[in-house]
Amino acid sequence: MIQDHEITQTMMKPAGVRGMQQYLNASARAIPPSGIRRFFDLVSTSKDKDIISLGVGEPDFVTPWRVRDAAVYSLEKGKTQYTPNAGTPELREAIARYLHDQCSLDYDPGKEILVTVGGSEGIDLALRALIEPGDEILIPEPTYIPYSPLSSLVGGVAVGIETFAKDNFKLTAESLRAAITPRSKVLVLCYPSNPTGGIMTYEDLLPIAKIAEEHDLIVISDEIYSELTYGTKHVSIASLPGMKDRTILVSGFSKAFAMTGWRMGYACGHPDLIGAMLRIHQYTIMCAPIMGQVAALESLSPHGLEEKERMIESYNQRRRLVVQGFRQIGLACHEPQGAFYAFPSIQSTGMSSEEFAQRLVLEAKVAAVPGHVFGKGGEGFLRCCYASSVSQLNEALERIGNFLNKIK
Amino acid sequence: MNQLKLSILDLLKEDARLQASTIATMLGAQEAEVAAAISEMERDHVIVKYATVVNWSKVDDEKVTALIEVECTPERGRGFESIAERIYLYPEVKSVYLMSGAYDLCVEIEGKNLKEVASFVSNKLSTIDSVISTKTFFILKKYKQDGIIFEEFEDDNRLLVSP
């Protein structure tokens, strides 16, 4: 069996004399090797079965059985065909109802909703539909890694905007304003945030929306973690006055519904934008897999929504445990109000996040993602996913605590 | 019962060994408040016991379990109470439920072997005056008990690191 890290090694091999690199186009060649990838290799080549990983980016729940069963049943019934390009009408209608209930957003399932292969495809389609070569894409960082490489692939220029722990990693009006140039076209928002767990409230979004209007920016709002907020309800920037038309909302079923492997997402927005994205989607993807669409529809049933609530409550409990745990062992940790990540600071150790994360794996057998891979402002932090069992989390905290004592 | 107690029960029924301090952190409550709620529930027998769920099929001295449908005549004034008590006081009886439908009591019995269970039914259970009839069903395999699945799944298939 081919090992995952072998593929990476091939990917990262310098252009050899007889290699085929010269056939690649400039943008493919320019895709930088992902920093997280290197770390993944380090962890996964380790033979140590005892490593506890807080480096994951997905729920520890498997998809609820009711949802899996619906997909199995549909396969048994022979539902194995293409669906309409935009997704089945039933699923689009269910998504429309869901967004209405969740965020008071009203999208027309006929022309404003597109079912995609994961939220990732939605982001890719939006950038492809919007970006001209040289256009600038404003990206608050630290953030989910793919925005910047995907921007480059379509000839755009990713412009990172640093956010800070003192602001709970929110995007502030001042720093957004400072980053805007005449070429700025798109603002990418990922709140609740991977990796920081930061959120943007209505009051936080208001000045951002004003600037977006003022400078005629389109917002790609990646709301894949929107259901996972704690103590306060998620607000979509699309729901702010005047913002629905200039926002492409991208979301999906991976996180809140524990469906990462199904690759089910959706994008919503103005018919002109969604229409263009649909045209790209119909030639590249045709349609999202039908079994995933059946499963997603079941996730939006009353039972599915109940399961979702149960999972969110469980993340919240573990969130409190982990945040307090980090503080007790002496790592400053801002309160993450969304997603399922804590983002403690390791600056007090004097190490870089890469060095800290590496030594943590090798010496303390805990894997967490070094913050610098998430862009500006990530250095000095560690992304720790708390979607693990309470006993694993406690054990991990104890190991990190011991490690900190050792390096003092 | 208040929300805090319900949340505590939800956590404890999954893991009875959770410390009050951990529960307090997880629920965003004060430790003293959680400890008091737990003591109160122990005192009121809301929390009856902290027991361990054992998969006995993995233990060498395997046990035999049977479910027995018992039909019986209720007593004037006391209904099924005293007959149920006569049955549940036997240590080999693991559970007793009063049922609606074709029979009255459902009795779960555990024994070292088939013979022991059979002998209990014929010598102890059937001979009780108000018992009219019994039907014994041996349990062949337990798949799930008290919400816990016995089959071992690969517990974590996730990639160790993902974006």
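Values in this text are rule-based calculations from the coordinates and carry no lab data. Source: prediction; values computed, not measured. We place every Cβ from the backbone using ideal geometry, glycine too, and count neighbours over all the protein chains shown.
For the stretch A:240-304, compute Rh as the Kirkwood radius over C-alpha pairs and then the Stokes-Einstein diffusion coefficient at 20 °C and 1.002 mPa s; write the answer in µm²/s, rounded to an integer. Don't skip to the end; give the middle numbers.
Working: Rh = 13.2 Å.
Answer, rounded: 162 µm²/s.
Taking the Cβ of each residue in B:His45, A:His334, A:His100 as the centre, tally the other Cβ atoms inside 10 Å and list the residues starting with the fewest. Before the final figure, lay out the partial values.
Working: B:His45 8, A:His334 20, A:His100 12.
Fewest-to-most Cβ neighbours within 10 Å comes out as B:His45, A:His100, A:His334.
Tell me which lysines have Cα within less than 19 Å of B:Lys144's Cα, excluding those fewer than 8 residues away on the same chain?
Excluding near neighbours in sequence, the set is B:Lys13, B:Lys58, B:Lys63, B:Lys94.
What is the P(r) of the protein assembly as shown, as percent of Cα-Cα pairs per 20 Å bin from 0?
Pairs per bin, as whole percents: 18, 45, 26, 10, 1.
Most mobile of B:Ile38, B:Ile149, B:Ile68 per a Gaussian network model of chain B (Cα springs, under 10 Å)?
Taking springs between Cα atoms under 10 Å, the residue moving most is B:Ile38.
Taking a ≥ b ≥ c as the square roots of the Cα gyration tensor eigenvalues, with a/c under 1.5 meaning rounded and otherwise prolate when a/b beats b/c, else oblate, which class fits chain B?
Details: a/c = 2.88, a/b = 1.56, b/c = 1.85.
It is oblate, given that a/c is not under 1.5 and a/b is not larger than b/c.
Using all alpha carbons of the stretch B:56-142, what is the percent of pairwise distances in each 10 Å bin, ordered from the shortest bin to the longest?
Result, from short to long distances: 17, 52, 23, 7, 1 percent.
Simple spin-label model, 7 Å along Cα-to-Cβ: A:Tyr23 to B:Ala51 in nm?
The two pseudo-label positions are separated by 6.8 nm.
Which of rounded, prolate, oblate describes the stretch B:3-43, given a ≥ b ≥ c as roots of the alpha-carbon gyration tensor eigenvalues and a/c under 1.5 marking rounded, otherwise prolate only if a/b is larger than b/c?
Numbers: a/c = 1.31, a/b = 1.01, b/c = 1.29.
Rounded is the answer for the stretch B:3-43, as its axis ratio a/c remains below 1.5.
How big is the antiparallel share of DSSP beta bridges in the protein assembly as shown, given as a percent to the nearest 5? Spell out each step's value before the answer.
Details: 37 of 56 bridges.
Counting only bridges with both partners in the protein assembly as shown, antiparallel ones make up about 65 percent.
For the protein assembly as shown, what does -39500 (n - 2.57) per DSSP helix run (n ≥ 4), summed and divided by total residues, give at 222 nm, in deg cm²/dmol to the nearest 500? Before the final figure, lay out the partial values.
On the way: 19 runs with 221 residues, N = 571.
Result for the protein assembly as shown, helices only: -12000 deg cm²/dmol.
Place a +1 charge on the Cβ of each Lys and Arg in the stretch B:58-135 and a -1 charge on the Cβ of each Asp and Glu, then give the dipole magnitude about the Cα centre in debye, rounded to the nearest 20. Working shown, then result.
Numbers: 10 positive and 14 negative charges, 13 e Å.
Charge dipole of the stretch B:58-135: 60 debye, to the nearest 20.
Hey, if you drop one equal point scatterer on each alpha-carbon of the stretch A:65-303 and run the Debye formula without solvent, what base-10 log of I(q)/I(0) do you get at q = 0.07, 0.11 Å⁻¹?
Taking Cα atoms of the stretch A:65-303 as identical point scatterers yields -0.21, -0.53.
For the protein assembly as shown, what is the charge dipole size about the Cα centre, in debye to the nearest 20, if Lys and Arg each add +1 at the Cβ and Asp and Glu each add -1 at the Cβ?
Charge dipole of the protein assembly as shown: 1040 debye, to the nearest 20.
Please find, in a Gaussian network model of chain A (springs between Cα atoms separated by less than 10 Å), the residue of A:Ser352, A:Ser226, A:Ser391 whose mean-square fluctuation is greatest.
Evaluated over chain A, the most mobile residue of the options is A:Ser391.
When only C-alpha pairs under 8 Å and at least 6 residues apart count, what is the relative contact order of chain A, in percent?
For chain A, the relative contact order is 22 percent.
Relative to the present Cα-Cα distance, how much length would full extension add between A:Gln81 and A:Ser391 at 0.36 nm per residue of separation? Show your work: numbers first, answer last.
Values: separation 310, 0.36 × 310 = 111.60 nm, distance 4.37 nm.
Using 0.36 nm per residue and subtracting the Cα-Cα distance, I get 107.2 nm.
Using +1 on the beta carbon of Lys and Arg, -1 on that of Asp and Glu, and nothing else charged, what's the dipole of chain B about the Cα centre, debye to 20?
Values: 19 positive and 28 negative charges, 80 e Å.
So the dipole magnitude of chain B works out to roughly 380 debye.
Along the positive direction of the dipole of the stretch A:65-303 (beta-carbon charges: Lys, Arg +1; Asp, Glu -1; about the Cα centre), which of A:Ser193, A:Pro289, A:Leu176 reaches farthest?
A:Pro289
Show which lysines lie in cross-link reach of A:Lys244 when reach means a straight Cα distance below 23 angstrom and same-chain residues fewer than eight apart are skipped.
A:Lys111, A:Lys170, A:Lys185, A:Lys210, A:Lys233
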